[in-house]
Amino acid sequence: MKISYNWLNDYLQIPVDVEVASDILTSIGLEVEGVTELFSAFDHLVIGKIIDCVQHSNADRLKVTKVDVGEKVLQIVCGAPNVSKNQFVAVVLPGKKLQTKNGELFKIQKTKIRGEISEGMICGEDEIGLRNSKQDGIMEIHGTPKPGSLVKNWLKIQ
């Protein structure tokens, strides 16, 4: 099971770093298999708000979205079945790299998908390492975060 150190610290309220907490948990019989800093490579993973979502004219399974990412609105083509207007989502901006939990690294680029420009990527939990199995859809961020803010800060993941 994966848990967030910040979440754990909310309940334990112990003023120690993650490595010391790991040692303490192991010493009381709760084996810590490993510590991973999930968002160390995602200082650029931002929250976006989908302000428009329409069916792609040349593909049944794709949607064309307009996503507010703070300083601008981007058009992003998305194939997730659960994408819809007014959702808050995790976005990788063009020019940035996405590193999956498997260590795969690829650069997100502005591209054309079936004739429509796509200026980023809306991510699923499995694509950013928060879920082990393949997920069918994007990660929805609940609440009212500020578009353009960092996902790691909103979710308080360390």
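The values are calculated or read from the model by the stated rules, or taken from the named source; none is laboratory data. All figures in this text were calculated on a predicted structure; none of them were measured in a lab. Using ideal geometry, Cβ is built from the backbone for each residue, glycine included, and neighbour counts are taken over all protein chains shown. We work out accessible area using only protein heavy atoms, side chains counted, and drop any ligands, DNA or RNA first. Shrake-Rupley method; radii C 1.70, N 1.55, O 1.52, S 1.80 Å.
Structural remarks
The rows are residues; the columns are (1) open to solvent by 40 Å² or more (accessible area, probe 1.4 Å); (2) within 21 Å of His142 (Cβ to Cβ); (3) modelled with pLDDT under 95.
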site	(1), (2), (3)
Ser27	yes, no, yes
Leu30	yes, no, yes
Val35	yes, no, yes
Val67	no, yes, no
Leu74	no, no, no
Phe88	no, yes, no
Gly95	yes, no, yes
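- Pairing each residue of the range 8-37 that is free of Cβ contacts under 8 Å to residues at least 12 places away in the same chain with any residue that is among the small types (Gly, Ala, Ser) and part of a helix (DSSP H, G or I), provided the two are 6+ apart or on different chains, yields C-beta distances under 9 Å for Leu12/Ala21; Ile14/Ala21; Val32/Ala21; Val32/Ser22; Gly34/Ser22.
- Residue ID - nearest to Leu130 (Cα to Cα), chosen from residues in the range 50-100 that are of a type in the set (Asp, Glu) and in a loop (DSSP other than H, G, I, E, B): Glu71
- Per the conditions (1) under 21 Å from Asp136 (Cβ atoms); (2) at pLDDT below 95, the sole criterion not satisfied by Val46 is (1).
- Matching option when the condition is at pLDDT below 85 and closer than 27 Å to Leu8 by Cβ, among Ile157, Ile138: Ile157
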